[in-house]
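The values are calculated or read from the model by the stated rules, or taken from the named source; none is laboratory data. Only a predicted model underlies this, so the values are computations on that prediction, with no experimental measurement involved. Reconstructed Cβ throughout: ideal geometry from the backbone, glycine too, with neighbour counts over all protein chains shown. Please note that ligands, DNA and RNA were not included when accessible areas were found on the heavy atoms of the full protein model with its side chains. Shrake-Rupley method; radii C 1.70, N 1.55, O 1.52, S 1.80 Å.
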There are 2 protein chains.
Amino acid sequence: MDPDAVAKAFVEHYYKTFDSNRAALAGLYKDSSLLTFEGEKILGAANITAKLVSLPFQQCQHNIATVDCQPSGPSGGMIVFVSGTILTSPTEHPLRFSQVFHLMPIEATFFVQNDMFRLNYG
Amino acid sequence: MDPDAVAKAFVEHYYKTFDSNRAALAGLYKDSSLLTFEGEKILGAANITAKLVSLPFQQCQHNIATVDCQPSGPSGGMIVFVSGTILTSPTEHPLRFSQVFHLMPIEATFFVQNDMFRLNYG
């Protein structure tokens with residue numbers, strides 16, 4: 001499978017789910033997954049999902065500017081590097097963000113082992 | 001060793017070297033290393049160094065805003081996620097960038113297996 005196509009499909013799925021039903025992101029993480037959200041470290045699918053669901057906005061819309069992907073080494077993973085903007089209701093101005101995912105293979109699919117999110121203020 | 005301390009030391013070393021003598025970055029990469037620079041994919045230490053040295057500015061200065069780090073899984077690597085600004089001479093306005101490194105252990109140190117760089121235009 002073409003890694004760039006897998007990365008693009010993952011990114012579309014991830015942000016579509018984030019913007020429509022954050023709780024459903026739980027299925028993408030495992031107990032070993034790590035999220036660093038604006039510097040705060042969170043371990044495990046349950047805690048990560050709780051954090052994402054608790055973010056203080058009801059609606060949001062991600063727009064993706066760039067998606068880069070590389071195989072991460074012998075374990076068969078992929079690093080996906082995203083930049084874009086996020087618009088959170090009722091804010092009117094989109095904020096720029098960058099996010100890194102490390103996807104690890106599991107059966108016929110991937111899960112998110114590593115997730116790091118930063119707003120790019122300016 | 002504290003992964004955050006390793007990441008911070010790596011980041012300081014990397015950008016100090018980049019800003020003073022780009023050719024010396026060669027020692028941080030291996031033949032298996034991958035760089036994606038503004039979407040362009042480059043394989044191997046020699047090609048990566050040639051690309052970095054050929055960038056069309058003589059002097060530059062990185063200023064780091066954030067450094068996040070996570071262990072990348074069973075192979076003992078670390079993902080380092082950096083945001084900051086770069087000022088290239090003779091430009092007067094710094095540009096924001098984000099960069100991801102995947103460091104893999106080798107003997108008593110690390111090398112850069114994956115490197116992805118993006119400017120964050122605004």
Review point. What whole-number value in Å² describes the accessible area per residue of segment B:3-119 for a 1.4 Å probe?
Key: 46 Å²
**Study point:** Amide hydrogen neighbours beyond the local backbone of residue B:111, cut-off 5 Å, H modeled
**Key:** B:104, B:106
Review point. In segment B:1-99, what chymotrypsin sites (Phe, Trp or Tyr not before Pro) fall in a loop by DSSP, with at most 16 other Cβ atoms inside 10 Å?
Key: B:57
Review point. Taking the Cα atoms only, what angle lies between the long axis of helix A:45-54 and the longest principal axis of chain A, rounded to 10 degrees?
Key: 20 degrees
Check your understanding: Ordered by residue, what ³J(HN,Hα) values in Hz, to whole numbers, does segment A:99-107 give under the Karplus form 6.51 cos²θ - 1.76 cosθ + 1.60, where θ = phi - 60° and Gly and Pro are x?
Key -> 8, 10, 10, 10, 8, 10, x, 8, 6
Exercise for review: Report in % the part of the accessible area of segment A:49-122 that belongs to carbon and sulfur, leaving out ligands and nucleic acids; probe 1.4 Å.
Suggested key: 56 percent
Practice item. Any lysines with Cα under 19 Å of the residue A:41 Cα? List them, leaving off those in the same chain fewer than 8 positions away. Key: A:30, A:51, B:8
Practice item. Run through the other copies and list how far each one's label point is from that of residue B:5, in nm with one decimal, shortest first; the point sits 7 Å from Cα along Cα-Cβ. Key: 4.7
Check your understanding: When you look at the Cβ of every residue in B:71-79, what mean number of other chain Cβ atoms sits within 10 Å?
Key -> 6
Point to revise | For segment A:1-46, the fraction of alpha-carbon pairs in successive 10 Å shells from zero, as % | key: 24, 45, 30, 1
Point to revise | Largest-first ordering by accessible area, 1.4 Å probe, given options A:85, A:17 | key: A:85, A:17
Practice item. Report, largest value first, the span of the C-alpha coordinates of the protein assembly as shown along each principal axis, in whole Å. Key: 48, 41, 35
Check your understanding: Ordered by residue, what ³J(HN,Hα) values in Hz, to whole numbers, does segment B:55-62 give under the Karplus form 6.51 cos²θ - 1.76 cosθ + 1.60, where θ = phi - 60° and Gly and Pro are x?
Key -> 4, x, 8, 8, 10, 8, 9, 8
Point to revise | Nearest beta-carbon to the B/A symmetry axis - residue in chain B, distance in Å | key: B:98, 2
**Study point:** 0 to 90° range, to nearest 10: angle between helix A:3-20 axis and chain A longest Cα axis
**Key:** 30 degrees
Practice item. May I ask for the distance between the Cα centers of segment A:82-122 and segment A:1-33, given as a whole number of Å? Key: 10 Å
**Study point:** Amide hydrogen neighbours beyond the local backbone of residue B:65, cut-off 5 Å, H modeled
**Key:** B:83, B:84, B:85
Point to revise | Residues with amide H under 5 Å from that of residue A:120, placed H, sequence gap 5 or more | key: A:96, A:97, A:98
Point to revise | segment B:27-122: GluC sites (Glu not before Pro) in DSSP coil with no more than 16 other Cβ atoms inside 10 Å | key: B:38, B:92, B:107
Review point. For chains A and B, what's the summed buried accessible area, probe 1.4 Å, to the nearest 100 square angstrom?
Key: 2600 Å²
Revision key, fill the gap. Compactness summary of segment B:25-122: radius of gyration and Dmax from Cα atoms, Å, are 14.1, 44
Review point. Add -39500 (n - 2.57) for each DSSP H run of 4 or more in the protein assembly as shown, then divide by its residues: what number comes out at 222 nm, to the nearest 500 deg cm²/dmol?
Key: -7500 deg cm²/dmol
